[in-house]
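Please read the structure below before turning to the comments.
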Amino acid sequence: MGQKINPLGFRLGTIQSHHSLWFAQPKNYSEGLQEDKKIRDCIKNYVQKNIRISSGMEGIARIEIQKRIDLIQVIIYMGFPKLLTEDKPRRVEELQMNVQKELNCVNRKLNIAITRISNPYGHPNILAEFIAGQLKNRVSFRKAMKKAIELTEQANTKGIQVQIAGRIDGKEIARVEWVREGRVPLQTIEAKIDYCSYTVRTIYGVLGIKIWIFVDEE
């Protein structure tokens with residue numbers, strides 16, 4: 001059987017880098033890791049709560065965290081940043097306060113920046129959210145997959161693979177369905193591949209969505 005590895009972990013240090021950059025002693029490492037998770041969860045929850053956009057998407061591609069002794073720098077890469085930046089200073093400040101409250105960091109300053117990404121649908125997270133929204137609205141999964149692939153083709157990527165697993169369309173027996181378009185060279189370390197796995201809660205159970213996007217070759 002094929003052993004599948006996370007494409008990002010497989011390419012770390014060659015052509016892709018970590019989403020969190022900080023240094024910690026072995027005994028403090030787990031704390032730092034939990035802190036990162038708290039920051040990411042807090043931001044996602046805030047965005048979900050305060051932003052009701054038409055399709056119910058958050059539009060966060062990824063959240064990068066850099067920590068120094070006296071500063072935590074968080075960069076949010078968003079596909080549709082106007083959600084957070086409509087009344088910009090207030091929203092971002094509120095978000096900063098929320099995260100600081102969650103972390104209760106007294107001696108460290110927290111700084112949140114929002115960066116816009118040019119092709120939102122070229123990012124697996126945003127695409128997975130799109131598919132999840134479709135599945136929640138009882139759209140057939142094949143239609144959702146096709147639409148997602150069309151959206152990525154407009155974002156000029158070289159290949160995409162989408163996989164949905166679980167009780168698809170409410171069938172009794174869970175199964176895995178996948179679709180591939182273009183090239184997705186998972187074994188080639190030179191190939192930059194974006195990957196995400198996303199869980200979506202539907203009425204008839206939990207579905208898992210996995211998306212691999214072949215961005216370009218180094």
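The values are calculated or read from the model by the stated rules, or taken from the named source; none is laboratory data. Note that this is a predicted model, so its numbers are computed, not measured. Here Cβ is always computed from backbone atoms with ideal geometry, including for glycine, and neighbour counts include all displayed protein chains. Quick note on the areas: whole protein, heavy atoms, side chains included, nothing else; ligands and nucleic acids left out. Shrake-Rupley method; radii C 1.70, N 1.55, O 1.52, S 1.80 Å.
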Whole-percent carbon and sulfur share, accessible surface of the chain, 1.4 Å | 49
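Given a 1.4 Å probe, how much area per residue of the chain is accessible, in Å²? Show your work: numbers first, answer last.
Working: 12960 Å² over 218 residues.
Per residue, the chain has 59 Å² of solvent-accessible surface.
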In degrees from 0 to 90, rounded to the nearest 10, what is the angle of the helix 141-154 Cα long axis to the longest principal axis of the chain?
-> 60
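Would you mind checking 44/67; 101/210; 4/136; 49/109; 4/147 for any pair whose Cα atoms are more than 22 angstrom apart? Before the final figure, lay out the partial values.
Values: 44/67 19 Å; 101/210 33 Å; 4/136 28 Å; 49/109 25 Å; 4/147 26 Å.
101/210; 4/136; 49/109; 4/147, as the Cα separations exceed 22 Å there.
Add -39500 (n - 2.57) for each DSSP H run of 4 or more in the chain, then divide by its residues: what number comes out at 222 nm, to the nearest 500 deg cm²/dmol? Don't skip to the answer; put the middle values down first.
Values: 6 runs with 74 residues, N = 218.
Calculated at 222 nm, the ellipticity per residue is -10500 deg cm²/dmol.
Given C-alpha coordinates of the stretch 17-116, what is the ratio Rg to Rh with the Kirkwood estimate of Rh? Please report the intermediate quantities before stating the final value.
Working: Rg = 13.7 Å, Rh = 14.1 Å.
The Rg/Rh ratio comes out at 0.97.
What is the stretch 138-180 by shape, rounded, prolate or oblate, if you read a ≥ b ≥ c off the alpha carbon gyration tensor as root eigenvalues and call it rounded for a/c under 1.5, prolate for a/b larger than b/c, and oblate otherwise?
On the way: a/c = 4.95, a/b = 2.12, b/c = 2.33.
It is oblate, given that a/c is not under 1.5 and a/b is not larger than b/c.
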In whole Hz, with x marking every Gly and Pro, tabulate ³J(HN,Hα) for the stretch 73-78 from phi via Karplus 6.51 cos²θ - 1.76 cosθ + 1.60, θ = phi - 60°.
-> 9, 10, 10, 9, 8, 10
Under a point-charge model restricted to the Cβ atoms of Lys and Arg (+1) and Asp and Glu (-1), what is the dipole moment magnitude of the chain relative to its Cα centre, in debye to the nearest 20?
-> 500
Provide the packing ranking of 187-198, 6-17, i.e. peptides ordered by the mean count of other C-beta atoms within 10 Å per residue, highest first.
-> 187-198, 6-17
What is the spread of the Cα atoms of the stretch 120-214 along each of their three principal axes, largest first, in whole Å?
-> 41, 25, 17
Alpha carbon centroid spacing (whole Å) that separates the stretch 151-215 from the stretch 1-77 | 20
Using only Cα atoms, find the angle between the long axis of helix 124-136 and the longest principal axis of the chain, and express it within 0 to 90 degrees, rounded to the nearest 10.
-> 60
With x for Gly and Pro, the residue-by-residue ³J(HN,Hα) of the stretch 174-179, computed from phi through the Karplus equation 6.51 cos²θ - 1.76 cosθ + 1.60 at θ = phi - 60° and given in whole Hz, is 6, 8, 10, 10, 9, 9
For the stretch 3-10, in order, what is each residue's ³J(HN,Hα) by Karplus, 6.51 cos²θ - 1.76 cosθ + 1.60 with θ = phi - 60°, in whole Hz (x at glycine and Pro)?
-> 8, 9, 10, 5, x, 6, x, 5
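Shape call for the stretch 172-218 from the C-alpha gyration tensor, a ≥ b ≥ c root eigenvalues: rounded (a/c under 1.5), prolate (a/b greater than b/c) or oblate?
Details: a/c = 3.78, a/b = 2.51, b/c = 1.50.
Prolate, because a/c is 1.5 or more and a/b exceeds b/c.
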Using Cα atoms only, what is the angle between the long axis of helix 29-50 and the major principal axis of the chain, expressed in degrees (0 to 90) to the nearest 10?
-> 70
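Please arrange 178, 212 by accessible surface area, largest first, computed with a 1.4 Å probe and ligands excluded. Write down the numbers at each step before the final one.
Values: 178 135, 212 20 Å².
Final ranking, largest accessible area leading: 178, 212.
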